[in-house]
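The structure appears below as structure tokens.
The values are calculated or read from the model by the stated rules, or taken from the named source; none is laboratory data. Note that the structure is predicted; figures quoted are calculated from it, not measured. So basically every Cβ, Gly included, is an ideal-geometry build from the backbone, and we count neighbours across all protein chains shown.
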Amino acid sequence: MPAGFPVARRGMVIGLLGGSFDPAHEGHVHVTREALKRMGIDRVWWLVSPGNPLKARQPAPMADRLAHARALMRHPRVVVTDLEARLGTVYTADTVKRLQAIYPGVAFVWLMGADNLVQFHKWGRWREIMALVAVGVLARPGSGLKARLSVAAQIFRGNRVHRGENLARRKAPAWVFVNLPMHDASSTEIRARGGWRR
């Protein structure tokens, strides 16, 4: 694997949690820990993205966001990365395809909060993402019902698996919705309160 990339062995299951992390907060930590506990995942990689094609406002500098995320997310099974910047990818589908090519034999699970499932159908090539990897959706405050009724959830309702099943071993498309104790932290609210330097 290329220098500076995290280590993963054949047979491992890696959860991918992508986002701008502008800033990372306890809600991100919470869903990461819950994913590790509930989804049969060996490791979680945070993919701190250079930017978000769906957002007009660009995030704080990458170095600041990475440093803050690494200070916050301290867990032996979690790696905070700038893989999308290293790969030069903008869209999640391209990131996943590149990682699958670099790490043959590693099973990847795309992790997202329920708030992202609500607007998942607006992502570039979102159906391709569903075809490439299993998707783990974690409950977020105020988004549970909207997520279950979302465009993506309705189109792929026949591919939803039960929580007790091993999601990572299922052939995509496969997704699961996991209810969990909620944490209401929000990057948008933190920025609005001036709690994040830019």
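Points to keep in mind about this one:
- Within the range 169-198, considering residues that are at pLDDT 65 or above and closer than 30 Å to A67 by Cβ, the one surrounded by the most Cβ atoms within 10 Å (Cβ to Cβ): V178
- Residue check, S49 in contact with a Pro (Cβ under 7 Å, 6 or more places away or on another chain) and under 23 Å from L132 (Cβ atoms): no
- Flag: A69 does not match the condition of being more than 16 Å from the chain's Cα centre (by Cα), buried (at least 20 other Cβ atoms within 10 Å of the Cβ), touching a residue at least 24 places away in the same chain (Cβ under 8 Å) and farther than 23 Å from F177 by Cα.
- First in the range 133-145 and within 17 Å of R160 (Cα to Cα), second anywhere and modelled with pLDDT under 70 and part of a loop (DSSP other than H, G, I, E, B), Cβ under 7 Å, 6 or more apart: A139/M182
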